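Take a look at the structure set out below.
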Amino acid sequence: MSGFGEREGPWTRLRDGLRAYRLITVMWIRSTMTYRASFAMSLFANLVVTSFDFVAILLMFSQVDSLGGYTLPEIALLYGAAGTSFGLVDLALGSVDRLGRRVRDGTLDTLLVRPAPVLAQVAADRFALRRLGRIVQGALILGYALVTLDIEWTPLKVLIMPLMVLSGAGIFAAVFVGGAAFQFLAKDAAEVQSAFTYGGVTMLQYPPAVFALDLVRGVTFVLPLAFVNWLPALYVLGRPYPVDLPPWVPFTAPLVAIAACAAAGLVWRAGLRAYRSTGS
C-alpha cells in the first residue's frame, strides 16, 4: 500500500504536501480561535509548563556557581537555542508522534485514500497552536543569554546564530519524521520516538562537559544532535568541544540538517511502502 503522489516528482510532492498542510492547519487554527479565552489559557499553560526545565536549572545554580564549568548565561544560550529550534518543529510536526496509534487502530488507512501526501496530513492533524508557548519560552531564554553574555561578536558569530536555530529545527524535524517512520514497524513506539525528540532537547539544554565522552561522540557522529546547538554555541562562546574537530565544523550544521532531512524522507517513504494496513 502506498500513499498519494508515490509516482510524482519530488517537487510536485513537496508542493502538494505544503498546500495540504496549509489547508489542514488553517482549519485547526480557525477551530482553535473560535474559543479565544480557552486558547489564551492553554497557551499560557504551555508557556509555564515548558519553563519548568529552566526553573530546575535555576535551582541548581542557587547551590553552585557553574555546571560542568559553564555559567548560568552560557547554559541559557544552549537551553534557549535548543528550545527555540525544538519548539518550531514541535509546533509544525508534533502530531506525527500519534502515527503509531493510527497504524494500530486502522485510521491511517483513511489518509492513504485522500488526495494529499500522508506525511502532510499526519503532521497537520490536530495542529496545536498552543505549542507557540514553547517557542516563546525558548526565545526569551535565548534573548536573556545574548544580553547577559560578554561575547566578542564577529561577523561569523553573528551569522551562526540564526543558522544554529534554523539548522537545529531541520535536524529535529528529521528526528521527528524518522521516529514516525519507525512506528510503521513498531506500531506503538511513541515512547521510543519521544526518547530521541523530547529526550534529545533535554540533553542539549546542558553542556557536553557533563556527559560521558562516548555519548558526546554518539550525538556527533551517529545521531547528529550536537549540531543543533552544542557545536555552534560553543563556537560563539569560544569554548573547546570535547571531541577534537576542525574549527569549521560548526558551520556545517545546515548541511547536516539537509542530509538528515533527506535521510528521514527516504526512511519515511520506505516505511510507507512497507505498510500493509492494520495488523501488518
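Quick check on region 124-136. Is at least one of its residues under 16 Å from the mean Cα position of the chain (by Cα) and under 19 Å from residue 179 (Cα atoms)? Yes, region 124-136 has at least one match.
Tell me, yes or no, whether region 233-244 has at least one residue that is under 18 Å from the mean Cα position of the chain (by Cα) and either at pLDDT below 95 or farther than 30 Å from residue 112 by Cβ (or both).
Keep residues of region 233-244 that are under 18 Å from the mean Cα position of the chain (by Cα), which gives 233.
Then keep just the ones that are either at pLDDT below 95 or farther than 30 Å from residue 112 by Cβ (or both); that gives 233.
Yes, region 233-244 has at least one match.
Listed conditions (1) touching a residue at least 60 places away in the same chain (Cβ under 8 Å); (2) closer than 21 Å to residue 76 by Cβ; (3) in contact with a helix residue (DSSP H, G or I) (Cβ under 8 Å, 6 or more places away or on another chain) are all met by residue 226, apart from (1).
Here's the yes/no breakdown for (1) of a type outside the set (D, E, K, R); (2) loosely packed, with under 14 Cβ neighbours inside 10 Å; (3) closer than 30 Å to residue 269 by Cβ:
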{"residue": "13", "(1), (2), (3)": "no, no, yes"}
{"residue": "17", "(1), (2), (3)": "yes, no, yes"}
{"residue": "42", "(1), (2), (3)": "yes, no, no"}
{"residue": "58", "(1), (2), (3)": "yes, yes, no"}
{"residue": "90", "(1), (2), (3)": "no, no, yes"}
{"residue": "118", "(1), (2), (3)": "yes, no, yes"}
{"residue": "127", "(1), (2), (3)": "yes, no, yes"}
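Can you name every residue in region 194-213 that is in contact with a helix residue (DSSP H, G or I) (Cβ under 6 Å, 6 or more places away or on another chain) and of a type in the set (A, V, I, L, M, F, W, C)? Within region 194-213, 196, 201, 204 qualify. Between 99, 59, 88, the distinction of being under 23 Å from the mean Cα position of the chain (by Cα) and under 20 Å from residue 137 (Cα atoms) belongs to 88 only.
Taking the options 139, 56, 92, 81, name whichever one is out of contact with any helix residue (DSSP H, G or I) (no Cβ under 9 Å at 6 or more places or on another chain) and either closer than 30 Å to residue 231 by Cα or charged (D, E, K, R) (or both). Explain how you work it out, then say what you get.
Details: 139 fails: out of contact with any helix residue (DSSP H, G or I) (no Cβ under 9 Å at 6 or more places or on another chain); 92 fails: out of contact with any helix residue (DSSP H, G or I) (no Cβ under 9 Å at 6 or more places or on another chain); 81 fails: out of contact with any helix residue (DSSP H, G or I) (no Cβ under 9 Å at 6 or more places or on another chain).
From the options 139, 56, 92, 81, the qualifying one is 56.
If you check residue 128 against the conditions, is it within 16 Å of residue 26 (Cα to Cα), in contact (Cβ under 8 Å) with a residue 24 or more places away in the chain and not polar (S, T, N, Q)? Taking the combined requirement at face value, the residue satisfies it.
Among the residues of region 105-116, the ones that are surrounded by fewer than 19 Cβ atoms within 10 Å (Cβ to Cβ) and among the hydrophobic types (A, V, I, L, M, F, W, C) come to 2 in all.
Of all helices (runs of 4 or more DSSP H) completely enclosed by region 49-129, which ones contain at least 1 residues that are farther than 30 Å from residue 16 by Cα and among the β-branched types (Val, Ile, Thr)? Walk me through how you get there before you give the answer.
Numbers: elements: 52-61, 72-93, 99-105, 108-112, 118-124.
Here the list reads 52-61, 72-93.
The values are calculated or read from the model by the stated rules, or taken from the named source; none is laboratory data. Since this is a predicted model, take the numbers as computed values, not measurements. Glycine also receives a Cβ, built like all others from the backbone with ideal geometry; neighbour counts cover every protein chain displayed.
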